[in-house]
1. Can you pull out the residues in region 60-71 that are under 14 Å from the mean Cα position of the chain (by Cα) and free of Cβ contacts under 8 Å to residues at least 60 places away in the same chain?
2. When region 17-59 is examined, which residues are found to be closer than 19 Å to R71 by Cβ, part of a loop (DSSP other than H, G, I, E, B) and either modelled with pLDDT of 95 or more or acidic (D, E) (or both)?
3. Collect the residues in region 60-86 that are of a type in the set (A, V, I, L, M), more than 15 Å from E24 (Cβ to Cβ) and in a strand (DSSP E or B), keeping them in residue-number order.
4. Quick check on region 6-56: of everything there that is touching a Phe, Trp or Tyr at 6+ places or on another chain (Cβ under 7 Å) and among the aromatic types (F, W, Y), which residue is nearest to G84 (Cα to Cα)?
Amino acid sequence: MQQKIYDVEMMYIQNTSGNDYTVETMSRRSKNIKLNFSNVDGVEINTQKPLEIKNSFLSMSDSGSKVWNMRFAYPTNFNIKFLGKIIFEVI
């Protein structure tokens, strides 16, 4: 699976249960996109260009939901792949 998403301003990565994850991207110009992944080994971000994160929140508590929220300093384009792990490439 491969998905290109343009002008992303915010991204939410959530562990929904076990090894299942949901990725939701928010953009000013295009609609919000929600992707679901099963049997995920991890999350990786690869970048050839600088990626400026304005703020980020990571929660890995046992009692609550495991979530990673990121707000970017400027709209960013991503190529999202799934190869056993979720790979975000900045394009």
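1. K66, V67, W68, N69
2. E52 - this is the single residue of region 17-59 that is closer than 19 Å to R71 by Cβ, part of a loop (DSSP other than H, G, I, E, B) and either modelled with pLDDT of 95 or more or acidic (D, E) (or both).
3. Across region 60-86, the qualifying residue is only A73.
4. Filtering first and then ranking leaves F37.
Residues checked against (1) surrounded by 15 or more Cβ atoms within 10 Å (Cβ to Cβ); (2) closer than 16 Å to Y21 by Cβ:
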residue: E44; (1), (2): no, yes
residue: K54; (1), (2): no, no
residue: S61; (1), (2): no, no
residue: W68; (1), (2): yes, yes
residue: Y74; (1), (2): no, no
residue: F78; (1), (2): yes, yes
residue: F82; (1), (2): yes, yes
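The values are calculated or read from the model by the stated rules, or taken from the named source; none is laboratory data. Predicted model only: the values in this text are computed from it and were never measured. Every residue, glycine among them, receives a Cβ derived from its backbone with ideal geometry; neighbour counts consider all protein chains shown.
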